[in-house]
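Report on one structure; see the data block that follows.
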DNA sequence: TTGTATGCGTTATCAC
DNA sequence: GTGATAACGCATACAA
């Protein structure tokens with residue numbers, strides 16, 4: 001509405017808009033006296049740059065879009081904060097979009113951001129198959145994938161070291177004498193496969209058999225986090241635990257954890273006496289249950305920071321070959337194992 | 001980079017840019033044949049409108065900004081989804097910004113959004129005192145406050161019915177025979193006062209005394225949600241529970257709940273036998289603890305929907321007097337009372 | 001039914 | 001050291 005433009009500032013200060021612009025951006029030498037006149041006018045009129053005009057003219061919005069599959073999962077919010085921290089330092093503004101696990105919303109979010117002329121994108125894709133993003137993004141803006149390795153789209157990716165994290169966790173259980181270690185996963189995608197491979201490798205390396213009947217994989221359907229508490233993973237855990245030989249359980253994702261823990265508590269498992277448990281991904285409530293849970297925690301700070309840095313590199317130097325970066329987890333030992 | 005503009009489309013279709021624009025927006029009659037030529041060119045070139053140009057020219061970005069005090073609290077994300085739902089229907093795009101409970105970040109977020117020419121703002125303010133937003137926002141864009149009633153800034157606000165929700169909860173406890181009902185609050189602001197007044201009114205209406213020594217108020221400092229589990233509310237609950245007359249406890253905000261519940265579990269309170277408990281605000285884990293917790297749940301869907309509607313009204317009709325809207329809570333009875 | 005031309009607010013290329 | 005002026009991509013008033 002009552003918007004003040006550079007023209008107004010220029011007129012009040014008695015200079016040209018070019019001078020105002022240069023004062024604002026420090027892009028050329030300005031006489032001290034002139035500068036002061038301009039700065040006074042800016043204060044007087046309460047002038048703020050219009051980013052839209054600037055973006056149109058300069059071709060750069062200084063905005064980075066963070067499009068996450070599901071922002072109601074704290075994991076992705078914490079990553080967002082780390083991203084924001086790094087990128088603000090570098091002079092960028094960050095806008096968040098929430099895809100709500102819906103590929104159509106994700107598509108719209110990315111479309112919008114591109115139309116807003118974002119200088120870069122950090123994407124947690126809803127689906128593994130990202131080929132449909134190819135013609136949307138193309139070479140319009142650099143783009144880093146986060147937490148999930150995209151299929152059908154060549155780009156940088158920053159991922160947790162899924163294999164190593166699970167390997168380390170299973171190792172711990174084996175060292176404690178467990179031989180029948182159940183494995184629970186709600187989702188099946190390449191990330192889930194990487195984790196499962198860590199499990200299998202750890203068993204193999206200790207000459208333990210891999211028993212298919214104590215590995216439980218969900219349908220791959222994504223349930224909303226809110227609905228999750230009564231969801232599929234509760235049931236899957238029940239089916240898994242019919243096998244009475246199991247003395248330890250590894251829960252391989254945060255979505256499974258809610259239902260699985262709920263099942264174990266409801267059925268009065270004595271942890272860790274009857275059953276040792278380790279879960280993938282920390283959550284604040286996992287340290288306040290009785291017993292508290294041993295977890296392999298993903299490094300949100302590291303993941304966010306790295307993806308921001310990779311994006312910045314890509315923006316400034318678009319010729320390097322694409323690369324996948326791995327951020328190690330951290331094993332946090334609590335009471336459940 | 002290889003960005004396609006209306007000019008390119010016009011040239012390929014053999015028409016003027018005006019025609020392309022009108023085809024795109026349906027703003028005037030176009031010959032079927034011409035339209036088809038244009039649409040073909042658009043497909044051929046994979047053309048997408050540039051929102052920046054459109055915004056600059058039209059003065060409207062069709063973007064609404066949602067600036068929340070702390071997006072890692074699920075409550076605010078769920079509200080964001082409801083907002084998004086209503087506003088997408090109305091043809092707006094929504095961008096989220098996370099203030100991380102830091103007024104400086106909030107300020108930057110709002111500043112950015114205004115510079116991006118957003119058509120409206122929905123703000124969960126970090127501080128109660130919003131007078132510093134006055135000169136930033138002014139009449140530059142309509143703005144609805146959410147969840148916290150701003151001081152020093154005249155605007156619409158959409159709030160939970162704090163008074164009634166607590167009144168109803170305390171009523172339930174009184175009906176169950178409780179006379180010494182402890183009250184816990186981590187934060188002290190007008191929202192907290194409203195809730196406390198609901199507590200006091202319920203007691204008064206049943207001719208029960210209001211005992212200051214079983215009411216515990218935090219310092220008002222905001223702790224990060226992540227750090228909260230070991231934070232102030234744990235300690236405050238401990239101090240409160242020194243009073244052995246207390247037979248019921250009302251926890252008046254989600255931030256307190258984490259610490260308070262942690263304290264009660266750690267000290268092996270038998271709930272509800274020794275102590276009946278009701279908390280303000282639901283969270284998924286409150287239904288999977290043992291016992292599960294009775295809560296007065298805030299209606300995120302209603303809060304988000306209403307604030308979006310109020311904003312739309314304000315955008316289309318800016319002359320109505322400002323108003324405060326209240327969205328009722330829902331009492332969900334579980335095992336803790 | 002369609003085209004031409006202007007301006008939104010800014011930056012950048014000239015010229016002075 | 002400073003000022004005109006063009007151009008970014010689009011929508012629209014006006015002309016044809």
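The values are calculated or read from the model by the stated rules, or taken from the named source; none is laboratory data. Just so you know, these numbers come straight off a predicted model, no measurement behind them. For neighbour counting, all protein chains shown are included, and Cβ atoms are generated from backbone atoms with ideal geometry for every residue, glycine included.
Summary of values
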read-out	value
Given (1) part of a helix (DSSP H, G or I); (2) in contact with a helix residue (DSSP H, G or I) (Cβ under 6 Å, 6 or more places away or on another chain); (3) within 16 Å of DNA strand D (Cβ to nearest atom); (4) more than 9 Å from chain A (Cβ to nearest Cβ), number of the condition residue B:21 does not satisfy	(2)
Residue within segment B:305-319 that is at pLDDT 95 or above and closer than 27 Å to residue B:249 by Cα present	no
Options B:127, B:117, B:109, B:149: the member that is buried (at least 22 other Cβ atoms within 10 Å of the Cβ), touching a helix residue (DSSP H, G or I) at 6+ places or on another chain (Cβ under 9 Å) and either in the same structural domain as residue B:88 (by TED's automatic domain parsing) or at negative phi (or both)	B:117
The lone exception for residue A:175 - which of (1) free of Cβ contacts under 8 Å to residues at least 12 places away in the same chain; (2) closer than 16 Å to residue B:48 by Cα it fails	(2)
Criterion (outside any helix (DSSP H, G or I) and within 13 Å of another protein chain (Cβ to nearest Cβ)) met by exactly one of A:79, A:83, A:64	A:64
Check on residue B:97, part of a strand (DSSP E or B), surrounded by 18 or more Cβ atoms within 10 Å (Cβ to Cβ) and touching a helix residue (DSSP H, G or I) at 6+ places or on another chain (Cβ under 8 Å)	yes
Out of B:58, B:16, B:51, B:5, sole residue that is within 13 Å of DNA strand C (Cβ to nearest atom), within 14 Å of chain A (Cβ to nearest Cβ) and loosely packed, with under 15 Cβ neighbours inside 10 Å	B:58
Elements of type helices (runs of 4 or more DSSP H) in segment A:122-211, at least 1 residues being modelled with pLDDT of 95 or more and either more than 16 Å from the chain's Cα centre (by Cα) or within 14 Å of another protein chain (Cβ to nearest Cβ) (or both)	A:162-175, A:190-205
Number of the condition not met by residue A:89 [criteria: (1) free of Cβ contacts under 8 Å to residues at least 12 places away in the same chain; (2) within 16 Å of DNA strand C (Cβ to nearest atom); (3) surrounded by fewer than 20 Cβ atoms within 10 Å (Cβ to Cβ); (4) within 23 Å of residue B:106 (Cα to Cα)]	(2)
So residue A:27, is it part of a helix (DSSP H, G or I), within 12 Å of DNA strand D (Cβ to nearest atom) and not assigned by TED's automatic domain parsing to the domain that holds residue A:146	no
